[in-house]
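In what follows, a structure is listed as C-alpha cells, so that the remarks can point back to it.
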Amino acid sequence: MNIQTILLEMCAFFGKDIKRVNHLLKVYAFAQMIGKAQGLDDRTQQIVEVAAAVHDIGIKESERKYGSSAGKYQEKEGPPLAKELLSSLGCDPQVIQRVCYLVAHHHTYDAVDGMDYRILLEADFLVNAFEDGLSEYALYQAKRKIFRTDAGKVLLKDLYGV
C-alpha cells in the first residue's frame, strides 16, 4: 500500500472541491508530523496517515443523503467508502479495519482508544479551528478536552497561542 496513491485517489474523489482537498492534505500533514514527533511505530504511523487521508470520505454521501455534512453523518457514511477504496488498492485488511473504525469516530471525542485515534482528532481539530474561525475560548476548551500529545499541544500553542 502506497500512501501517495491513496492521497491521489482522494484528490480525484473530491475533484474540483479544492476546499476539501486542501482540508484532507492539511489534516494528513499534521497527522504525519504529530505521529512522527510522538515516535509511533511504523504500523501505527501508517494507520494514522491512511486514516487522515480518508477521514472525510463520507462527506459527499452525507450531503447527498441527509443534506448535511455533520460529523455524525460522515461517521456513518465514511467507513464503507473507505473500506471499498482501501480494499481496491490492496491494503492490509487489519489496517483497513482500524482505519474504518477511526473514520467512524473522527468526530467523537470520548472513549479514545489509541494513539492513532488521538492523533487524528488533534490533526483534524488543528485544521478545523482555522477553517471554522474558532474563538479563543473554544481553543482553550479544546486544549483541555482534546489535546493529549506533546506534539499536538505544541502545534496548538504555536499556531493559536493557547
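Some values worked out for this structure:
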read-out: Out of 134, 126, sole residue that is open to solvent by 30 Å² or more (accessible area, probe 1.4 Å) and farther than 21 Å from residue 41 by Cα; value: 134
read-out: Among residues of region 44-80, those that are without any contact (Cβ under 8 Å) to a residue 24 or more places away in the chain and within 23 Å of residue 148 (Cβ to Cβ), counted; value: 1
read-out: Selected residue (only one of 86, 121, 102 is farther than 21 Å from residue 13 by Cα and within 16 Å of the chain's Cα centre (by Cα)); value: 121
read-out: Residue match in region 5-27 (condition: modelled with pLDDT of 95 or more, over 14 Å from the mean Cα position of the chain (by Cα), closer than 20 Å to residue 154 by Cβ and surrounded by fewer than 18 Cβ atoms within 10 Å (Cβ to Cβ)); value: no
read-out: Unique residue being under 30 Å from residue 1 (Cβ atoms) and touching a residue at least 60 places away in the same chain (Cβ under 8 Å) when the list is 127, 103; value: 127
read-out: Condition met for residue 60 (surrounded by fewer than 17 Cβ atoms within 10 Å (Cβ to Cβ), under 16 Å from the mean Cα position of the chain (by Cα) and under 22 Å from residue 97 (Cα atoms)); value: no
read-out: Subset of region 88-111 that is under 18 Å from residue 142 (Cα atoms) and out of contact with any Leu (no Cβ under 7 Å at 6 or more places or on another chain) - its residue that is surrounded by the most Cβ atoms within 10 Å (Cβ to Cβ); value: 105
read-out: Qualifying residue in region 75-87 (condition: buried (at least 22 other Cβ atoms within 10 Å of the Cβ) and under 30 Å from residue 161 (Cβ atoms)); value: no
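The values are calculated or read from the model by the stated rules, or taken from the named source; none is laboratory data. It should be emphasised that the depicted structure is a prediction, and the values quoted were computed from it without experimental measurement. Here the Cβ is made from the backbone with ideal geometry for all residues, glycine too, and neighbour counts use every protein chain on show. Only protein heavy atoms, including side chains, enter the accessible area calculation; ligands, DNA and RNA are left aside. Shrake-Rupley method; radii C 1.70, N 1.55, O 1.52, S 1.80 Å.
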